[in-house]
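Here's the structure, in structure tokens; my notes come after.
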Amino acid sequence: MTAVTPFRVDIPDYELDRIKRRIREYEWFEEPVDAGWNYGCNQAYLRELTGYWLDQYDWRKAEARLNEWPQFKANVDGIDIHFVHERGSNPDNLPLILLHGWPGSYFELLHLTGPLAHPERYGGKAEDGRDVIIPSLVGYGFSGPPPKPIGPRAQAVFMDGLMTRVLGYGSYVVQGGDWGALIAGWLGFDHGADKGGAVMSIHMNLVGVRPGGNAPAGIAGVAAPPETPEEKAWAVYAEQRMAVERGYFMVQGTKPQSLSYAMMDSPVGVAAWLTEKFHTWSDLSNEGKEGGHIENVYSKDKLLTNIMLYVVTRRFNTAAWQYYGVGTEGGFAFPPGQRCETPTGIASYPREIAPVPPRSYAEKAYNVVHWKEQPRGGHFAAFEQPEIFLEDLREFLRNWG
């Protein structure tokens with residue numbers, strides 16, 4: 001067994017002072033008179049957010065909240081992985097690993113720890129409790145960086161190593177959103193019980209790894225085309241949703257280092273880059289409609305704690321690498337003619353920026369045993385709609401976890 005070392009978040013004062021100094025020194029510039037959020041992060045809101053960051057935000061208070069749950073580090077295949085590990089009220093249940101994505105962090109899932117590990121403290125039953133593990137992905141937060149970009153399939157190897165070789169679990173369940181959903185897909189495909197692995201079931205709120213289609217020789221990761229009218233309509237809608245949102249992906253997927261030279265030197269730049277995504281990708285109205293203020297869903301403290309986990313750890317750079325890594329790994333599809341046979345639950349949120357496909361298409365890639373159309377919510381489902389998210393996940397776990 002690999003050694004596990006207790007960990008606490010404790011950022012030195014000089015680093016916090018440096019960050020505040022960089023924010024104060026930031027030189028603001030013009031934006032179009034009709035900007036709003038159309039050209040990127042709205043400057044009026046960003047000025048408001050950074051002002052709060054300087055004068056009211058309390059990192060030490062946020063740090064105390066991060067440290068409420070037991071955290072550890074362990075080396076997996078040469079890289080130190082940071083993770084929360086809360087042993088649940090019923091050790092007979094399968095352990096659950098929760099996987100974040102970009103531009104999120106383990107913080108966006110941390111509030112789920114108590115309800116899932118100790119439901120009796122939240123009006124539930126102790127018999128439903130289970131061990132909860134929430135890692136920082138490789139290259140994110142307090143986890144170490146890879147020597148070069150890796151994609152979600154390689155991340156899955158590290159996460160499985162954490163669960164089996166470090167923590168000693170012989171079987172477990174996975175939940176993931178954003179990159180976490182792709183990692184969950186590869187965990188189910190490569191490490192599922194049907195292949196002698198430890199993954200018993202997976203639950204996702206995004207379908208990232210698609211069914212594989214035929215492609216020219218030497219080209220991997222091409223998704224199968226939609227076939228039914230419903231699938232074709234979804235493909236058109238998904239393309240329309242992503243058409244104006246793909247710029248960040250192209251930059252991070254091709255030239256992440258060039259972007260990072262600016263971001264690593266600018267807390268304000270990181271705040272703008274991340275906040276705009278939380279604004280655009282979330283269901284801010286809480287009614288499944290367009291529009292709404294970002295603080296309908298996220299407080300400034302929540303936004304800033306997530307931002308700080310990129311800034312204080314200096315992980316913007318290596319977190320962005322994953323977009324490059326997915327390309328070198330082969331893309332977003334399983335091998336043609338193969339699918340993930342691990343029992344799979346899928347939740348579809350109406351304002352997901354990468355819309356979940358029809359069940360008929362998802363079933364070409366996954367052994368779908370649980371399907372939920374949610375009434376509201378967007379890309380950061382667990383962060384935006386924790387009650388709806390928990391209700392669905394609990395239902396899945398009762399039957400398949």
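Readers should treat all values here as calculations from the given coordinates under stated rules, not as data from a laboratory. Remember, it's a predicted structure, so these values are computed and weren't measured experimentally. Heads up, the Cβs are rebuilt from the backbone with ideal geometry, glycines too, and the neighbour counts pull from every protein chain shown.
What to note about this one:
- Fully extended contour minus Cα-Cα distance, from E295 to E127, at 0.36 nm per residue: 56.9 nm
- Distance (nanometres) between label positions extended 7 Å along Cα→Cβ at S171 and Q240: 4.5 nm
- Going from the residue with the fewest nearby Cβ atoms within 10 Å to the one with the most, I202, I11 rank I11, I202.
- Choice from G208, G247, G40 showing the highest fluctuation, given a GNM over the chain with Cα pairs closer than 10 Å: G247
- Look at F389, F7 and count the other Cβ atoms within 10 Å of each Cβ; fewest to most, that gives F7, F389.
- Dipole-positive endmost among G151, L94, L112 within the stretch 53-165 (Cβ charges, Cα centre): G151
- Only DSSP H runs of four or more residues enter the estimate; each adds -39500 (n - 2.57), and after division by the residues of the chain the mean residue ellipticity at 222 nm equals -11500 deg cm²/dmol.
- Dipole-positive endmost among A365, T305, Y324 within the chain (Cβ charges, Cα centre): Y324
- Stretching the chain fully between E48 and A354 yields a gain of 107.2 nm (0.36 nm per residue, less the alpha carbon separation).
- Under 5 Å between amide hydrogens, built in the peptide plane, is the criterion, and for H370 it picks out T344, I346 among residues at least 5 positions away or on other chains.
- Computed about its Cα centre, the charge dipole of the chain is approximately 680 debye, with only Lys, Arg, Asp and Glu carrying charge at their Cβ.
- Cα lying deepest toward the dipole's positive end in the chain, options G377, V209, G345, charges on Cβ: V209
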